[in-house]
Structure formats: C-alpha cells, structure tokens
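Each value in this text was obtained by applying a stated rule to the coordinates, not by laboratory testing. Model, not experiment: these values are computed from the prediction. All Cβ positions, even for glycine, are placed from backbone atoms using ideal geometry, and neighbour counts span all protein chains on display.
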Amino acid sequence: MSDIFDLLITGGTVIDPGSGTNQKLDIGITADRIAAIRSNIPPVSARKALNVEGCIITPGLIDFHVHSYWGVNPYGFNADRICLASGVTTTMDAGSSGPTNFLGFRKLVYEQSRTRMLAFVAMAQHGVLNDPGELENLRFADPEGAAQAVAENRDVAIGIKLRMHKKSVGENSRAALRLAVKTGEACRAPLMVHVGDTAISMEEIVESLRAGDVVTHCYTPQQPSILDKNGRLLDAVRKARERGVIFDVGHAGGHFDFNLVRRAMSDGLLPDIISSDLHGRLKQPGFGVVGDLPTVMTKFLALGLSLERIIAACTSSPAGAVGFQDRLGRLEIGREADIAVLQILDDPVTLRDSLGAEKLHRQRIAAKWTIRAGEVFEGSC
Ligand SMILES: [Zn+2]
C-alpha cells in the first residue's frame, strides 16, 4: 500500500547542510512528523500539497539569540508571530530567565508558544535586567541555582548566559566570568557570553572560555573588538575558534558593523551561528536594523557568504552547539516536521548596519512558508 501523507511539500530544492543535501526533493509529512524525503512523490498521495517550485526547502530555522520571556523580562516580547512568519521554528532565549523564574519561562513561554522556545538560563537570579544591571551586585548571582535549573530541565534549558557589558556587571566582569565558566562546567552545558562594552580584554574573555562556549555579538563595533587596532583578527580569537569556541552574530540594534564583518571574514572568522537578538526594547518599527532572521541572513549573502553556509549557521550549527543535533536542524524521516520554505527574491534591498552604513543588494532571502510540527504558517514575503 502506498503512503498517504497529510501534507506534501513538492517542487522545491532541499538545502540541508546537516545531511549534505542540495537537490530537488519532495517531503511527505504525516501528523507532526517527516514521513518521506524523496524525488517525485505524486501529489495524489497526499491530502494536501504545497507546491513550492522555485523555493528552497531547509530545516526550520533556529534563531539562536532572542528574548522571548514576554510579560516578565524587560527585554521580552511575544516572538511567536515574527518567528512563524520568517521560517523560524526554534528560538534560544538568551538569559531572560534566571534560576528564580525559569519555571515561569517553561510554563508560560515554552509550553504556550507554537515556536519551540528554548532558553539559556542567566546566572543572575532573575535573568537579564535593564537598569540596574543584573550583576552590578554579585550577590544577585546564583551559580548553583542556574546549574540546577539547567540540569533539571535538559529539554528546555540548554546553557548558561552571562552578559558582560558594564551596564550588566559593573566592575564585576572578571569575577562574573569565572563564576559563569564554573557554572557551565557544573551543569555540563555551554556558556553564552555577551561581549561589547566590556571592561576586560577580548583576549581574556576568549581564553577563559571552553570549547563549545559561545561568544555572542562577535561582530560588535563596541570595545573590546575581535579585531586589533590595525583591523586584523586577534590571534587569541583565531586560536579560540580553532579549539572550538563558537562565534555567534547576535545582531540586535548595536552589534553589526559591515566593515568589521568584512574584515573579520576575510581574516578567517566566518560566523558559526547567525542570530538576530530580537528583543522588546528595539523600539523602531519592524525591529529597526535587525528586521528578522532572513534579513540578517541576507546581509551575509551580500557580504559574499555562500547560501549553504548561511543556512548551516541557522540550522545544523546552532542545533549542534546545544547538543540537539539528534532532533533539530536537519531534515530526517521520523523527526518533527519543522521546515522553512525560503525564497531568494530578485528584489533589490537596502541593508543597514548598527553604525548607519547602507549596503544595496540585488537579492533578499524571505520566508514563503514556515512548517512547525506539520502545521503550515504563511511567510511574510
Ligand atoms: Zn540579547
């Protein structure tokens, strides 16, 4: 008996860096699972068919750095709508919850959202704060509690978050970094560190990190930079990357500089992970210079990064960084049907960075459809 699928995605090209696939293939979905990936599945074998000719089919995009603890954290916003309109099926919240209120994140955000919303847990008790900063007073650090929250919630809590700008940690950068590395060790999970406007040197930061820890805002124009004063990639950064420290974009309003990215990439520092850092304090319409994850991906297309590499930086790479490569970031029969249907539109677009520089590009990446656990959501393009 031939298969009857609930949904068939047909006519598109699958680009799935995690499995090394780049070819025309159809995908059959039954209930919330991928049931078939092969060429020429007849549309009559499905209850519903989505013709996506001319589109690229990728694993559901993973936005590795957002702030989704809305109604509780000052940076939080309801990220579901923008995610499902932009190909994003999984987000990683960057420290909006701490050990005191992680359970609320689990109950109110993870369990209530259509997008799969995972979280790095802040070492600070209540998660990241705006003013005063969350670790200006180190008495607010709860390393044991943070490690315990991760250890007891491995399905949702994927690592530890530490912001290291002066506004967050005051004079406590060095002490907080030491504590956070120990916290990551205690729960055997990656530590994500915010750099930018940080009181200690980039060398000290990256040399303190373990393989698998993450530097977010890696292309920030703020100090200390990954580049030296002559605009060359710091040796310490190159060495850290070689031993497995992960570099994540974390665009946000203030952490993207076209010139700096170009120089760093030409010196060998390609982004391991491309993320938006969308948050609720980006007050400009349409989230300002960030836009959405496909817009950030388009910036790397304009900077000459290959499409496959860009897709890997939003699928297999972030999944692997948190040890979820067995369930996320790759198209495979039996996995949850999380899929992005993207278009490369021949639609000239003016891209902006955090310093006001503009770059005109002849194409843009946009989401046509987002499929989350078999359910279809219309994209914004
Ligand atoms: Zn952030």
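Where residues in region 57-76 are part of a loop (DSSP other than H, G, I, E, B) and away from the ligand (no atom under 12 Å from the Cβ), which of them is farthest from Lys161 (Cα to Cα)?
Going through region 57-76, the residues part of a loop (DSSP other than H, G, I, E, B) turn out to be 60, 67-76.
Remaining after also requiring away from the ligand (no atom under 12 Å from the Cβ): 60, 70-72.
Details: Gly60: 24, Trp70: 18, Gly71: 20, Val72: 17 Å.
That would be Gly60.
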Restricting region 228-252 to residues that are in contact (Cβ under 8 Å) with a residue 40 or more places away in the chain and either touching a Phe, Trp or Tyr at 6+ places or on another chain (Cβ under 6 Å) or assigned to a strand (DSSP E or B) (or both), the residue that is surrounded by the most Cβ atoms within 10 Å (Cβ to Cβ): Asp248
Mind checking which residues of region 275-287 are part of a loop (DSSP other than H, G, I, E, B), more than 14 Å from the ligand (Cβ to nearest atom) and not charged (D, E, K, R)? Gln284
Within region 124-143, does at least one residue satisfy the condition of being closer than 30 Å to Trp369 by Cβ, of a type outside the set (Gly, Ala, Ser) and in contact (Cβ under 8 Å) with a residue 40 or more places away in the chain? no
Inside region 116-156, can you point out the residues that are touching a helix residue (DSSP H, G or I) at 6+ places or on another chain (Cβ under 7 Å), away from the ligand (no atom under 15 Å from the Cβ) and either in a strand (DSSP E or B) or of a type in the set (Gly, Ala, Ser) (or both)? Ala141, Ala146, Ala147, Ala149, Ala151
Would you check if Tyr110 is over 18 Å from Ile371 (Cα atoms) and touching a strand residue (DSSP E or B) at 6+ places or on another chain (Cβ under 8 Å)? no
Please verify whether Ala199 is under 10 Å from Ile160 (Cα atoms) and in contact (Cβ under 8 Å) with a residue 12 or more places away in the chain, treating the condition exactly as stated. no
Which ones in region 180-225 are within 16 Å of the ligand (Cβ to nearest atom) and either among the aromatic types (Phe, Trp, Tyr) or assigned to a helix (DSSP H, G or I) (or both)? Ala180, Tyr219
